[in-house]
Amino acid sequence: MVNVFDILEERGFVEQCTHPEDLRELLGREQITFYIGFDATAPSLTMGHLIPIMSILHMYRAGHRPILVLGGGTTMIGDPSGKSEMRQILSKDTIDENIEGFKRQFSRFLDLDDGSTLVVNNADWLLELNFMEFMRDVGQHFSINRMLSLETYKSRLETGLTFLEFSYLLTQSYDFLELFRRYNCRLQMGGNDQWSNILGGYELVRKVERKSVFALTVKLLTTSMGQKMGKTEAGTVWLDPERTSPYEFYQYLRNVDDADVGKTLALLTFLPMDEVRRLASLPGAEINQAKEILAYEVTKLVHGEEEAGKARKTARALFGGKGADKDMPSTKFDRKDFQEGVDLLTLLTKTGLAASRSEGRRLVEQGGITVGENRILDWGKIIAEKDFNGGELIIRKGKKVYHRLVLR
């Protein structure tokens, strides 16, 4: 059987790892328990979370037991990594609601009821800690000088860093110690932007328990230009179908740059690497076949085969010149609202084609908005009932983003 470490390396997941040869030997020798943490800062997981999710699934398929640590405790502090200012403090009720949303989404990928995957909330131990005992037992193992040298903290010294945020490294590191003691957890994995936090837990366990554990970070989902994938003009690409429809999710992946096709296929699908390499090497316009396969496979993984099929059918209908499809992104409006007309910028914001009126105005002025068959250059245009055909009207942003308006 192929060692899962080799699978992760070949597919491009592994970024940083402590003692990689020893970890590879351990993964090939025995089944281990490992974990990845997810702070509940939003009501839904995003496309960016698919990299750690896929790394979990590869480990799971190889027989290793994952622990999904949901950050009911650490989210109350907020990770300062990559932030120029303090995160918004969320209420406990909001965090709990977000955690329930995460659980529903994780259940699409893993069986959370048969014991093969553990789901824990770090609030169960962090909220019970005695502050003085924690500082004495755990704080003594962390050097202030070293913490201040970390980019996470160093970049914030001029703009301001609270003690609350400064303590995040300690609490997240404590998770690893607690999981080692409870479940003999030997490995923490996570995104590469979490390396400092993950290393903190790795070192804490080795210092306190004097046992061999490991830390491994996986690639962040970025384009070949180094920009984060999963962002659009309208905002984040969510895994929640109520926030990002399966069609919009499909279309985002269908439109990735040619240079990103091979990497994204390797990271976000289970296609054999020989097939990934073949698809990534398709010449000229043939690369669109690979993009369609990428979009279908990832949408199927996240939303199921039926929704992936609908999204592919809708995309083919639109781009094949067959017109609107009932499964394309749609918004229903009351017919009476259009008796006197609705201004275009209002429609762009209500349908999510523009995040704000100012963005909508810019899109129109740049010639990026088509209503029906007509490109619109007047951002003050009023859309009336007469503009609809059979109670439907298609608005297109750019060449590839469509939205259907339906009168009821």
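The values are calculated or read from the model by the stated rules, or taken from the named source; none is laboratory data. All of these numbers come straight from a predicted model, not from anything done at the bench. No Cβ is skipped: glycine too gets one built from the backbone with ideal geometry, and neighbour counts run over all protein chains shown.
Among the residues of region 272-294, is any surrounded by fewer than 20 Cβ atoms within 10 Å (Cβ to Cβ), at pLDDT 95 or above, under 19 Å from the mean Cα position of the chain (by Cα) and outside the structural domain of SER107 (by TED's automatic domain parsing)? No, there is no match, as no residue in region 272-294 is surrounded by fewer than 20 Cβ atoms within 10 Å (Cβ to Cβ), at pLDDT 95 or above, under 19 Å from the mean Cα position of the chain (by Cα) and outside the structural domain of SER107 (by TED's automatic domain parsing). Residues that are of a type in the set (A, V, I, L, M, F, W, C), under 20 Å from LEU26 (Cβ atoms) and in a helix (DSSP H, G or I) within region 45-74 comprise ILE56, LEU57, MET59, listed in sequence order.
Based on what the data block shows, is GLU286 out of contact with any Phe, Trp or Tyr (no Cβ under 8 Å at 6 or more places or on another chain), of a type in the set (Asp, Glu) and over 26 Å from THR46 (Cβ atoms)? Yes; evaluated as a whole, the condition is true for this residue.
Condition first: surrounded by 14 or more Cβ atoms within 10 Å (Cβ to Cβ), more than 13 Å from the chain's Cα centre (by Cα), of a type outside the set (D, E, K, R) and assigned to a loop (DSSP other than H, G, I, E, B). Can you find one or more residues in region 248-256 that meet it? Scanning region 248-256, I find at least one residue that is surrounded by 14 or more Cβ atoms within 10 Å (Cβ to Cβ), more than 13 Å from the chain's Cα centre (by Cα), of a type outside the set (D, E, K, R) and assigned to a loop (DSSP other than H, G, I, E, B), so the answer is yes.
The single condition from (1) modelled with pLDDT of 95 or more; (2) part of a helix (DSSP H, G or I) that ARG186 fails is (2). Could you tell me whether region 43-62 includes any residue that is within 22 Å of GLU203 (Cα to Cα), buried (at least 17 other Cβ atoms within 10 Å of the Cβ) and either touching a Phe, Trp or Tyr at 6+ places or on another chain (Cβ under 7 Å) or free of Cβ contacts under 8 Å to residues at least 24 places away in the same chain (or both)? Checked region 43-62: no residue is within 22 Å of GLU203 (Cα to Cα), buried (at least 17 other Cβ atoms within 10 Å of the Cβ) and either touching a Phe, Trp or Tyr at 6+ places or on another chain (Cβ under 7 Å) or free of Cβ contacts under 8 Å to residues at least 24 places away in the same chain (or both).
Restricting attention to region 172-210, the residues that are among the hydroxyl-bearing types (Ser, Thr, Tyr) and more than 17 Å from ILE67 (Cβ to Cβ) total 1. Residues of region 374-406 that are free of Cβ contacts under 8 Å to residues at least 24 places away in the same chain and within 28 Å of LEU253 (Cβ to Cβ): ARG375, LEU393, LYS399. When ASP111 is tested against (1) in contact with a strand residue (DSSP E or B) (Cβ under 9 Å, 6 or more places away or on another chain); (2) surrounded by fewer than 17 Cβ atoms within 10 Å (Cβ to Cβ), just one condition goes unmet, and that condition is (1). Reported count of residues in region 220-238, each being under 21 Å from LEU353 (Cβ atoms) and assigned to a loop (DSSP other than H, G, I, E, B), is 5. A residue that is at pLDDT 90 or above and touching a helix residue (DSSP H, G or I) at 6+ places or on another chain (Cβ under 7 Å) occurs nowhere in region 321-335.
Residues are listed down the side, and each one gets a yes or a no for (1) in contact with a Lys or Arg (Cβ under 7 Å, 6 or more places away or on another chain); (2) charged (D, E, K, R); (3) on the phi > 0 side of the Ramachandran plot; (4) in contact (Cβ under 8 Å) with a residue 24 or more places away in the chain:
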position	(1), (2), (3), (4)
ASP6	no, yes, no, no
GLU25	no, yes, no, no
THR33	yes, no, no, yes
ILE36	no, no, no, yes
PRO66	no, no, no, yes
GLY73	no, no, no, yes
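Take the residues in region 352-391 that are at positive phi and surrounded by fewer than 18 Cβ atoms within 10 Å (Cβ to Cβ), then tell me which one is modelled with the lowest pLDDT. Filtering first and then ranking leaves GLY390.
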